[in-house]
Amino acid sequence: MLAWFAFGAAIAAAIVALLAGPGYRFAWWSLGSAMQAMFWSAIVAMGAVAIGLIATIFAFQTKAHGSMRLALLGLVIGLAVALPPLTLYLKAKSLPRIHDISTDSENPPAFVAVLALRQGASNSTAYTAENAAAQKSGYPEIAPKVLKSAPDEAFAQAEAAARLMDWEIVAVSPADYRIEATATSLLFGFKDDVVIRVTPHAEGSRIDVRSLSRVGISDLGVNARRIQEFMQRLEAK
């Protein structure tokens, strides 16, 4: 009985967790509802893990091998459901609560073309001094990149690297040396906007990148990782 309960609770938690993101993405329910669903699915999954552990021990002692397999399955599924949100929670505790990352914190690249797409977004495009201080503390490695190429060539390199990313390219403006794009997350469909700016530099060209989430207080490090990945692709060019 305990084994079936653990298995059933784990399966129910998995279904809720898997539906939470797509449900928000396709506007079946609000972001708040989706977050609540993720929270409660994790709680139920942890309960399934605890019950599954007890059921496994009991089944082992009574040599009920079928029940033990079922309990172990519930335990494994419960762990698979509970660990990701728990990991994200712990990560959120260790990272700054910001959602706007720029390689130039004094004069961040400005969004132009994507502004029309951000209508109704809860996050502003204003890059504040408080945000800059938090970014420097949490992500000191974020910095511009200098290429030895002339601006026109560097811009072509930046565009090629951007097109290798999993982004929707919104605008390419050679006259302004500016590229704008939007990245969309898989499950929840969260949209983050990216702008790349190329400027002349004494050694060639300087590449600056800014990545900004449309919703959410903390981005859990996603924008910083996106900029780092782009810079790595740019190095490979």
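Within region 61-115, the set of residues being modelled with pLDDT of 95 or more, more than 30 Å from M1 (Cα to Cα) and assigned to a helix (DSSP H, G or I) comprises A113, V114, L115.
Sort out which residues of region 189-199 are surrounded by 19 or more Cβ atoms within 10 Å (Cβ to Cβ) and in a loop (DSSP other than H, G, I, E, B), and write them in order of number. F190, the sole residue that qualifies.
Given the structure, is A160 more than 18 Å from the chain's Cα centre (by Cα), in a helix (DSSP H, G or I), small (G, A, S) and buried (at least 19 other Cβ atoms within 10 Å of the Cβ)? Here the answer is no, as A160 does not meet what is asked. Give region 200-237 a look and list any residue that's open to solvent by 40 Å² or more (accessible area, probe 1.4 Å) and more than 17 Å from the chain's Cα centre (by Cα), or say none. Within region 200-237, P200, H201, A202, E203, R206, Q232, R233, E235, A236, K237 meet the criteria. Among the candidates A171, A134, the residue that is open to solvent by less than 80 Å² (accessible area, probe 1.4 Å), assigned to a helix (DSSP H, G or I) and modelled with pLDDT of 95 or more is uniquely A134.
Which condition from (1) among the aliphatic types (A, V, I, L, M); (2) outside any helix (DSSP H, G or I); (3) within 18 Å of N107 (Cα to Cα) is the one that L186 breaks? For L186, the failing item is (3).
Residues in region 77-97 that are without any contact (Cβ under 8 Å) to a residue 40 or more places away in the chain and either open to solvent by 80 Å² or more (accessible area, probe 1.4 Å) or more than 30 Å from Q135 (Cβ to Cβ) (or both): L79, L83, Y89, L90, K93, S94.
The values are calculated or read from the model by the stated rules, or taken from the named source; none is laboratory data. Computed from a prediction, not measured in an experiment: that's the story for all the values here. Because the Cβ atoms are built from the backbone with ideal geometry, glycine has one as well, and the counts that use them run over all protein chains shown. Ligands, DNA and RNA are stripped out before the accessible areas are found, and what is left, the full protein with its side chains, is counted by its heavy atoms. Shrake-Rupley method; radii C 1.70, N 1.55, O 1.52, S 1.80 Å.
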